[in-house]
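Below is one structure, written out as structure tokens; the observations come after it.
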Amino acid sequence: MKRISFEGIKGIGKSIKEIRPGNIREKIRNNKKKVTAVTAVTVAAIVGITGVRMAMPDGSEVSAATQNCTVMRQDLQKTLSVTGTIDGAGSYALSSPLTGVEVKSVNVKVGDRVRKGDVVAVLDVSGVQNSIDSTLTGISANNEKNAMDIASARRSLDDAKTSADVANKRAQDDYEQAKADYDEAVKHRNGNSGINGESGKADADAAVKKAEATVNSLITEARTAQDRLETLQKAYDDAQSDETKKETDYNDAKGKYEGYKDQVDAQEKAVRDAEYGRDDALDAQDESEDNSGYRAYHAASRTLRDAKSELKSLKTKMQNAKTAMDKAKTDYDKAKVVTKDAKAAKEQAEKKLEKIKYKQEDAESALSKAQTKQSDAKSDDDAVRSAQDNLTKASQNVSDTSRSGAKSVADGLDGIRSAELSASTSNLSAQEELRKYREQAAKGVIVALSDGVVTSLNVTEGGTYDGGTAAVIQDDSGYKVSASIGQYDIADITTGLGATISVNNSEPLELAGTVTFVSPIPGSMAASSDGGSSDNAGSSSASSTSSDYPVEVMIMDQCDQLRLGMKVKLTIILAEADGVLSVPANFIQTDEEGRDYIEVVEGVTGSEDGSAEAEQPEEGAEPENTRKIYVTRGLETDYYVEISGDGLEENMEVVVSDVTDDMGTGEDMGDIAA
């Protein structure tokens, strides 16, 4: 067994350069990201090799028993790097559902910056506008006709109600009169026949007495009502007189107030004149050589003071006059209410007296009739029969009139309801057409959906728009990176992961970002489902395939050097662990029970740069004092693995025996060489 020479290390490096990438990728997939033999060979010169066996380029074989490293405390980061493209924060394709229409105007060109709501292009919708005007004219005419129909139906209902009320009232009055006539006829007949007394005359006498009593009672009631009316008339006259007086008081108070107001206005002018005089005197005092100016100034000041005092006094009087005027106005208003109430009471008494007089006249008439019937009761039976017939006819007329009036009112209500229903439905189709026309007219104006830059323009002024995308606007208020991830790595990508974006400009940039979108389906499926239209979905990078999944990373840093369409390197941080203990993956071994451990050398620690400080074992020999420390795996990167366990310390020297178990033999290495 011999140590590897410098020339041997150079040969290993040459072999590494000749490894085919496809074989490495296959090994990574099969071993689920464990460190492969190639990686172990690469780092062998770094961690230190006590003995290895490898096939060298010249065909010679090198064997060794152990390799060593130290436990290091460091920050680990598991990342995935892909190529991406700079896009705006959003991409909006502008279009209209109209087709085959002329483009009246185009207000932008490619590269112009627009704001949300800006008009990008206007389509000719004159034909639609003509339809709108025609439809509106028809709706207006129909509404006017409907209003006339409803008004006519309501007038018909009102006429029907009035006619029914009048007819019912007349029929009821006729019935009541017929009933009274019948009762009176029966009464007279019975009286004359001696049913209600010794003779019909006795009943007639009683009827006369009753009628006389009614007349006398009404005469007494009329006198009482007349006295009441006279009392109310006097109260009304007194209220009118008091109202007139209070109106006069109010007008006097108002005149005083207005007089004081005029005086206040005049006095305010006097104050201003006095202020001017005082100021002039003050100026003259400065220019005078004797005391005359001083005296004039003080005189003017007194005049101003007196004028202000008089103004204050007048304002007080004016305010008092206003208070008096307001009180007089209140009293006047109250007096008008009293007068109004007194007038209403008087008029009510007049009506009552008039009713009593009417009753008195009726009573006197009844008395006259009773007196006439008292002397002549020959035709009482005929009168009863005639009254009976009239009463029957009047009762039938009441029923017939009531039914006829109810039918007329019901017909009127039905007419209004019918007119209203017709009005509510007559314009439905026209209004729906109007709504469609207006929607079409509104869609003739193509506006920007957001602030941004016009990156595509597919219409020209005077041309014909046949549908499709008229323009594309990129929102460049912020930037994102659009990229695609292969199906083997997409499961590790979630929204919220951090990322770095490397831009190769004249001055290389490195910007921070966050994953904001991960497509649930491959890019090819998304393209087929949306017809390839441009929208807010993440776009695939140039290297995407049918099985790649689009992702978007929002750039968090503001940068003026970014431009739409730039190619960048996107590094997504899948996981991080700060200040953890770690070793290369191939130094972690597994016992028969499947537990992970590392083998450390007793009494030997490495330096902070990872080199061992103790003396290395002889060539081909394994360290004598080693022990196992069982560890728990944490974050695993392409090379290092985070470990933790009892007794584990930084800078411990770790050895691994029989590295061919993980790395394979020299012949295995030769299998993956080019």
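How many residues, within the range 425-461, are in a helix (DSSP H, G or I) and open to solvent by 70 Å² or more (accessible area, probe 1.4 Å)?
Number of matching residues: 11.
Take the residues in the range 374-397 that are of a type in the set (Ser, Thr, Tyr) and modelled with pLDDT under 90; name whichever of them is farthest from the chain's Cα centre (by Cα).
SER375
Name the residue, out of ALA300, ALA324, ALA274, ALA253, that is open to solvent by less than 60 Å² (accessible area, probe 1.4 Å), in contact with a Gly (Cβ under 9 Å, 6 or more places away or on another chain) and in contact (Cβ under 8 Å) with a residue 24 or more places away in the chain. Steps first, answer last, please.
Details: ALA324 fails: in contact with a Gly (Cβ under 9 Å, 6 or more places away or on another chain); ALA274 fails: in contact with a Gly (Cβ under 9 Å, 6 or more places away or on another chain); ALA253 fails: in contact with a Gly (Cβ under 9 Å, 6 or more places away or on another chain).
Matching residue, one of ALA300, ALA324, ALA274, ALA253: ALA300.
Based on what the data block shows, is GLU420 exposed (fewer than 13 other Cβ atoms within 10 Å of the Cβ) and either in contact with a Pro (Cβ under 8 Å, 6 or more places away or on another chain) or assigned to a helix (DSSP H, G or I) (or both)?
In short, no.
Select, from ARG113, ARG155, the only residue that is within 30 Å of ASP476 (Cβ to Cβ) and either at pLDDT 90 or above or open to solvent by 60 Å² or more (accessible area, probe 1.4 Å) (or both).
ARG113
Which of the residues spanning the range 328-355 are at pLDDT 85 or above, closer than 16 Å to ASP252 by Cα and of a type in the set (D, E, K, R)?
ASP331, ASP333
Assigned to a helix (DSSP H, G or I) and either within 30 Å of TYR182 (Cβ to Cβ) or modelled with pLDDT under 90 (or both): does that describe ASP400? Don't jump to the end; show me each part of the working.
Details: assigned to a helix (DSSP H, G or I): yes; either within 30 Å of TYR182 (Cβ to Cβ) or modelled with pLDDT under 90 (or both): yes.
Yes.
Quick check on my filter: what residues within the range 501-548 are charged (D, E, K, R), in a loop (DSSP other than H, G, I, E, B) and modelled with pLDDT of 50 or more?
Residues satisfying the conditions are GLU507, ASP548.
Count, please, the residues in the range 308-321 that happen to be open to solvent by 50 Å² or more (accessible area, probe 1.4 Å), over 54 Å from the mean Cα position of the chain (by Cα) and not small (Gly, Ala, Ser).
7
Have a look at VAL106, VAL166 and point out the one that is within 20 Å of GLY463 (Cα to Cα) and either under 36 Å from the mean Cα position of the chain (by Cα) or open to solvent by 40 Å² or more (accessible area, probe 1.4 Å) (or both). Before you say what the answer is, go through the steps one by one.
On the way: VAL166 fails: within 20 Å of GLY463 (Cα to Cα).
Answer to the check: VAL106.
The values are calculated or read from the model by the stated rules, or taken from the named source; none is laboratory data. Keep in mind that what you see is a predicted model, and the values were worked out from it rather than measured. Cβ atoms come from the backbone with ideal geometry, glycine included; neighbour counts cover every protein chain shown. Just the protein is used for accessible areas: all its heavy atoms, side chains included, with ligands, DNA and RNA removed. Shrake-Rupley method; radii C 1.70, N 1.55, O 1.52, S 1.80 Å.
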